[in-house]
Amino acid sequence: MKVFKKGKNTIIDEIKDFDLAQTLECGQCFNFHKLDDDEYLVVAFGNAIKIKQEKHRLIFFNTKISDVRNIWIHYFDLDRDYAKIKNYLRRKDPLLRDAIKEFSGVRLMNQEFHSALISFIISQNKQIPHIKKICSDICKNYGKYIGEIEGIKCYSFPTIDELSRITEKQFRDLKTGFRAPYLVDACQKLKSGKISDEKLMNQDCDDCRCSLTSIKGVGDKVANCAMLFSLGKREAFPIDVWIYRIMVDTYFDGKQVSKDEIAEFAKKKYGKYGGYAQQYMFAARNNIKEAK
DNA sequence: TCCCAGGTAGATC
DNA sequence: GATCTACATGGG
């Protein structure tokens, strides 16, 4: 992997096991906008940038090389060897072979904790396009204006301070419905420091999940998503309706077992790679369903 | 009109 | 403990 400056842009070349579209569109992140094929507007850490992929090359438009090194490489998890992870999973589970083949460019992102937590509280009982819409509305209404890219006005995800000032009524006006009081509780715990990424990163998986589920409206699934996508807990295995169906059909002969039983099974089967297994499976959910 | 969506809290048994 | 249901909103 080579990083260098070209005019106003920064380039990463010789990238392996990465596909920008697959990584952004596989349901782990909601704060982006598709501009064209393999071309996206991404918002994170108070920045908005245009990124384009050309085969093994990533172009970060109008971006300093130091930002690519300090922010974006880690954000897209590009400093990790995915060949090893994929080999492990292919050997471990034949079901994942096709999923990994089809979605070999998926990487688990390292998002900002507060934005991942808020996004996944919103995600419950909602479809991905609507989650994206609400996240975007939150940025537009309560984040800061960053600038315009390709004629699109960009707004940062609100900081914890900005989030803590949003009332339940204001959350309801953004069509979050019954999640509004959950969001308020999460924002207050973030603001008070009762919940912080610093504390959670130092906890093991079970303690971390336990801390997170002390927030109203955060159960195992939302906690696991926040842990997996923003706290580096890669053994976390979120079980949503899709993963539940796939696991039940594949390993429990269609029998409606409890989510705890599936979680236990996944822990034994995938171990510390649970999160990766889950994400390849989720990315390929429609193909897996059709194959049955 | 009915069913479902990257679920969870509270009630009930 | 393990199940059952209400919960806002939008889309098929």
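Things to note:
- Residues within the stretch A:40-83 that are of a type in the set (V, I, T), touching a strand residue (DSSP E or B) at 6+ places or on another chain (Cβ under 7 Å) and within 23 Å of A:I100 (Cβ to Cβ), tallied: 0
- Helices (runs of 4 or more DSSP H) completely within the stretch A:215-292 that count 2 or more residues being aromatic (F, W, Y) and within 15 Å of A:K92 (Cβ to Cβ): A:259-270, A:274-283
- Here A:Q278 fulfils each of the conditions (1) of a type in the set (S, T, N, Q); (2) over 21 Å from A:Q127 (Cβ atoms); (3) in contact with a Leu (Cβ under 8 Å, 6 or more places away or on another chain) apart from (2).
- Of the helices (runs of 4 or more DSSP H) lying entirely inside the stretch A:113-175, those containing at least 2 residues that are under 22 Å from the mean Cα position of the chain (by Cα) and in contact (Cβ under 8 Å) with a residue 12 or more places away in the chain are A:113-122, A:128-142, A:160-164.
- Residues of the stretch A:162-171 include at least one that is away from DNA strand C (no atom under 16 Å from the Cβ) and within 29 Å of A:T63 (Cβ to Cβ).
- Just one residue in the set A:F61, A:F18 is surrounded by 15 or more Cβ atoms within 10 Å (Cβ to Cβ) and farther than 13 Å from A:F76 by Cα; that residue is A:F61.
- Selection count where residues are under 18 Å from A:N125 (Cβ atoms), free of Cβ contacts under 8 Å to residues at least 12 places away in the same chain and more than 16 Å from DNA strand C (Cβ to nearest atom), scope the stretch A:176-220: 0
- Residue in the stretch A:250-262 that is away from DNA strand C (no atom under 16 Å from the Cβ), out of contact with any Cys (no Cβ under 9 Å at 6 or more places or on another chain) and small (G, A, S) present: no
Readers should treat all values here as calculations from the given coordinates under stated rules, not as data from a laboratory. Given the structure is predicted, the values throughout are model-derived calculations rather than measurements. Cβ: placed from backbone, ideal geometry, glycine included. Neighbour counts: every protein chain shown.
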